[in-house]
Structures are given as C-alpha cells and as structure tokens.
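All of the numbers you see were taken from the coordinates with simple rules; none came from a lab. What you are looking at is a predicted structure, and each value in this text was computed from that prediction instead of being measured. As a convention, Cβ positions derive from the backbone with ideal geometry for all residues, glycine included, and neighbour counts pool all protein chains shown.
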Amino acid sequence: MEVIKTWNYLRGYVIIKVEGLTLERFLNLAADQDIYLWDIKRINYTLLEMKVSTKGFKALKEIVRKVGCRVEIVEKKGLPFIIYRLKNRKMLGFGILIFFSLILVLSSFIWSIEVLGLEKISKMDIIRVLEGENIRPGIIKYNIDKDYISSLLLNGFEHISFASIDIKGTKLIVSIYEQDIPPEKLDINIPCHIIAKKKGVIVKAIVKNGKTMVRKGDVVKKGQVLIAGMITDENTEDTIPIHAEGEVLAKTRYYYRLDEPIVKTIEEKTGNIVEVHEIRFGEKGIQFFKEDIPFNHYIENIREIKPFKERINLPFKLLVHEYIELEKKEAKQNIEFLKKSSYIKAIEQLNKEIPEDAQIESKDVIYNIEKGILSTQVVIEVVEDIGQKQIININ
C-alpha cells in the first residue's frame, strides 16, 4: 500500500468531485476502460469524491461526456505539480533545497543521549564514561563504535549484566540491565547482637547461637536486644563476644489512614483549546505566536508532529502545546462505594509495607464521617521476624 501511494505521488494525481444522476454508470465505464480510481467517497446521493492519476483524469473526459456528469478538480497532488509551481518561484525552490540540505547534514549528528534501565547506578556515571570517549551531543553518529562502547560499560561497572547502544535518528539510546545486588551478609566471625528493628509483642524466640533476652508476651521496643551476642564462660566467668544467630517472631501492627471528601470537586473539559507551536533542539525550544492562556483552569497536552513519519529523522522536534480548558464541578460521592474504594486503597498501601513472609493475624477497619470527610482507618496485625543483627564494638 505504501509503495502504491509513493508511486502515485511521484507521477501526480488529482482529487476530483463527480456530480450527476448516473454515478454508478460512470464508475462501471471507468472500470471497463481500466481507469484506476481510489479513495472513493460518497458525499451524498448525487456527489462522489475520488482520486485519479493525471493520465486517468484525461481518459475520463470521454466517459463524462457519455454519462452527462459534471467533474470538478478539488486539489492537485504530487511531485509534478510541485515542480511546476517552483518553475516560476526559483527562490522558493532554492530555499526548500537549502532546508532539506540542512536537515540532511544535521541528521548526521547526535543531539541527545538517553539512558534507560538504571536503578542503582547513576545516570551521570554513565554520561561521564561516554564523555571520556568524546561521545556527547554534537558528535557525528557515524563515528560511534557501538560494540566498543557496550564492552566499555560492561567492563567499567561491576553490576551491569548487559549494555546495548542504539542510534535512532539523532538520539543515542543506551539500554542498561543491572544485576540484582545481593544484600550484604555479616561474616559469622564478627560478634553481634540480634536487636529489634521495630516495636512488637514477642510470640516465639528461636535461638541458634547466643543468649535469649526475651520471653513470650514481652513487649519490646525498637533497638532492644533480643538475642545477646555476649556469653559468660562457666570456668573463668569471663564475658565472650560471639556471633548471635536466631529468629525472633513478634506480633506487630501496621496502620494506615485515608481521608476522602464526600463532596468531590471534579474537572471536566469544556472543548475550548488554545494551541502553541514550538520547534525544539535538544533541551532548548522556541515557541511561536505564544499568547496568554485565557483559561483559569486548564491542562497542557504536548504532542509531536512528524511530517515524514518514520521515513526521515529530523534533528529537531516539532511540538504542539494544547491548553485544554477545564470547568470545575462538585459531585457527591456514594458513601458505600467510597468506603469500599478507600478500604482497597488502604490495603494496597499496607501490602507494600508488610514483609512477604509475614503471617497476617487480623484486619480491622474503622470508618468515621466528620465535616464532610470520610476517614478510613485500617489496622493489620501480623507475626513476623523483627530481629536484625548489630555488630558488637569489642573495644
């Protein structure tokens, strides 16, 4: 389909309207004489709009005379018509030639660098490595050795498992995949206590090494020693530091509160839009015909115009800023529905905080309405291991 469209554009075509009472006969005769018509649209009972090549349009004259229809040219499209118009406007043609030459030259450079996939490694660290190889905005993209840069990043960063370099138009895209860094484990030869990392009520203490300092039912606070890494030698009564090992299960609480207004202010689009056009080079841009936004409340939507679709990568972006007017309205929410949605939101938030291996003991929810606000309070009790190791300073 794209090949046919390109071919028709190169040889030129016209958009025509055919009006009359014998439109079906007109189409049948055109088909009999192998005249190719496309994008045929029926505007009304007596009017059709279609596209035809310049050669086909000339061949239609005999058919039009036979069926008694009237034909009108709506628009002329294609390269031959552009060249014809430029014959008498040489300066315009020269300007277009200069414009496309500049696009071709500027498309040979890298104007922006995007780094994807980073979580633990800093983007600036990657950029510094690239700059060390003189890879920065303004470099000719044909001078970039993608395999070399990829291996440089793999060798330069311990936690990168895969790095790929891709050039899309005038943008250099660096895709990074990081290894999962395992949590640092404390060496078993280092003396340590096991302390509470949060407040809780002791359920069970399983001691593998060290001395238990708590019993079932004890209420402990954050930082309290649960399993001591100091034991007494029975013979010498000297205190010996050891590496405490064990698991301390405690009942803990997770609490979350969510306030929602019963009468909620919502924003609706009015249909009024103001557009501002911008041409952007990298991070800098120039806006044309910018004016004050006449709306009190609005949202901004930015869309990119791609005149050549994906065929040509321009060294700049053509953007349209759409300022869409909003009208504020008040709407009373259904309280029962609001309770359910608030409860779900609270549970989702608490699930992010509760450890995966924790055992849920109970859930409790309390609703309260005051001054037009619905307060949802959710409390979840779980049993979890609250112990964490703390190095003993022997000195």
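Can you sort THR252, THR22 from fewest to most other Cβ atoms within 10 Å of each residue's own Cβ?
Listing THR252, THR22 from fewest to most nearby Cβ atoms yields THR22, THR252.
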> How large is Rg over Rh for the stretch 101-140, taking Rg from the Cα atoms and Rh as the Kirkwood inverse mean of 1/r across Cα pairs?
Replying inline: 1.11
> Could you put VAL219, VAL64 in order, starting from the residue whose Cβ has the fewest other Cβ atoms within 10 Å?
Replying inline: VAL219, VAL64
> Going down the list LYS199/LYS389; LYS221/LYS352; LYS123/LYS317; LYS264/LYS339; LYS197/LYS345, which pairs span over 20 Å between their C-alpha atoms?
Replying inline: LYS221/LYS352; LYS123/LYS317; LYS197/LYS345
> If you stretched the chain out fully between ASN296 and SER161, how much longer would it get, using 0.36 nm times the residue separation minus the C-alpha to C-alpha distance?
Replying inline: 43.6 nm
> Of ILE242, ILE167, GLN359, which is farthest on the positive side of the dipole of the chain, counting Cα position, with +1 on Lys and Arg Cβ, -1 on Asp and Glu Cβ, and the Cα centre as origin?
Replying inline: ILE167
> What ranking do TYR36, TYR13, TYR298 get, fewest neighbouring Cβ atoms within 10 angstrom at the top?
Replying inline: TYR36, TYR298, TYR13
>> Per residue, how big is the convex hull of the stretch 192-250 when only Cα atoms are used? Give it in Å³.
In response: 73 Å³
>> If the elastic network links every pair of Cα atoms under 10 Å, which of GLU62, GLU275, GLU327 fluctuates the most in the Gaussian network model of the chain?
In response: GLU62
> What percent do you get for the relative contact order of the stretch 192-250 when only Cα pairs under 8 Å and 6+ apart count?
Replying inline: 44 percent
> For the stretch 2-82, what is the convex hull volume of the alpha-carbon atoms per residue, in Å³?
Replying inline: 85 Å³
> Packing-wise, with mean Cβ within 10 Å as the measure, how do 299-306, 335-342 rank, highest first?
Replying inline: 335-342, 299-306
>> With the crude spin-label approximation of a point 7 Å out along Cα→Cβ, what separation in nm comes out for LEU318 versus ASP147?
In response: 3.9 nm
>> Using only the alpha-carbon atoms, how far is helix 146-156 inclined from the longest principal axis of the chain? Give it as 0 to 90 degrees, nearest 10.
In response: 10 degrees
>> Sequence gap at least 6, Cα distance under 8 Å: using those rules, report the relative contact order of the chain to the nearest whole percent.
In response: 13 percent
> Taking the simple approach of a point 7 Å from Cα along Cα-to-Cβ for both ILE262 and HIS277, what is their distance in nm?
Replying inline: 5.3 nm
> For the chain, what does -39500 (n - 2.57) per DSSP helix run (n ≥ 4), summed and divided by total residues, give at 222 nm, in deg cm²/dmol to the nearest 500?
Replying inline: -8000 deg cm²/dmol
> List the GluC sites (Glu not before Pro) in the stretch 200-247 that DSSP assigns to loop (not H, G, I, E or B) and whose Cβ has at most 15 other Cβ atoms within 10 Å. Which are they?
Replying inline: GLU234, GLU237
> Where does helix 23-32 land angle-wise versus the long Cα axis of the chain, in degrees 0 to 90, nearest 10?
Replying inline: 90 degrees
> Which angle from 0 to 90°, rounded to the nearest 10, does the C-alpha axis of helix 2-11 make with the longest principal axis of the chain?
Replying inline: 30 degrees
> Which residues does a label at GLU247 reach in the stretch 342-358, if reach means a backbone N under 17 Å from a point 7 Å past the Cα toward the Cβ?
Replying inline: 355-358
